[in-house]
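**Student:** First the structure, which I've put down as structure tokens, then a few questions once you've had a look.
The values are calculated or read from the model by the stated rules, or taken from the named source; none is laboratory data. Predicted, not measured: the structure shown is a model, and the values here were computed from it. In this analysis, Cβ positions are derived from the backbone assuming ideal geometry, glycine residues included, and neighbour counts consider all displayed protein chains. Only protein heavy atoms, including side chains, enter the accessible area calculation; ligands, DNA and RNA are left aside. Shrake-Rupley method; radii C 1.70, N 1.55, O 1.52, S 1.80 Å.
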Amino acid sequence: MQDEVTYICDACGEEIVIPVDPAGGKTQKYTEDCPVCCNPSVIHVDWDEDEPRAWAEAEQDRF
């Protein structure tokens, strides 16, 4: 089972590696600042059997 997964920061485009914990449930969502550009993103983690998948979206509109 994987204990890390990557996502692409919605603000700067960097690939970010994060730890994942299946004990948090099959669908997880939380806010985290990008370690590169410091912009907040909503991180989504979904578990498909034993494989996690993660993606990010901006926490708020940037307009």
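**Student:** How far apart, in nm, are the 7 Å Cα→Cβ label points at Asp3 and Glu49?
**Tutor:** A separation of 2.2 nm, rounded to one decimal place.
**Student:** Calculate what fraction, in whole %, of the accessible area of the chain sits on carbon and sulfur atoms when a 1.4 Å probe is rolled over the protein chains.
**Tutor:** 45 percent
**Student:** Also, quick follow-up: Sequence gap at least 6, Cα distance under 8 Å: using those rules, report the relative contact order of the chain to the nearest whole percent.
**Tutor:** 33 percent
**Student:** Which loop trypsin sites (Lys or Arg not before Pro) in region 5-63, with loop taken from DSSP, have no more than 15 other Cβ atoms within 10 angstrom of their Cβ?
**Tutor:** Those satisfying the criteria are Lys26, Arg62.
**Student:** For the chain, with the dipole built from +1 on Lys and Arg beta-carbon atoms and -1 on Asp and Glu ones, taken about the Cα centre, which of Cys38, Gln2, Val20 lies farthest toward the positive end?
**Tutor:** Cys38
**Student:** Same structure, new question: Against the 2.2 N^0.38 Å scaling, with N counting residues, where does the chain land? I'd like the Cα-based Rg ratio to two decimal places.
**Tutor:** 1.10
**Student:** Using the Cα centre of region 1-60 as the reference point, and only Cβ charges (+1 on K/R, -1 on D/E), how large is the resulting charge dipole? Debye, rounded to the nearest 20.
**Tutor:** The calculated dipole for region 1-60 is roughly 180 debye.
**Student:** Now, a different point. Just to confirm, what accessible area per residue do you get for region 1-50 at 1.4 Å probe, in whole Å²?
**Tutor:** It amounts to 64 Å² per residue over region 1-50.
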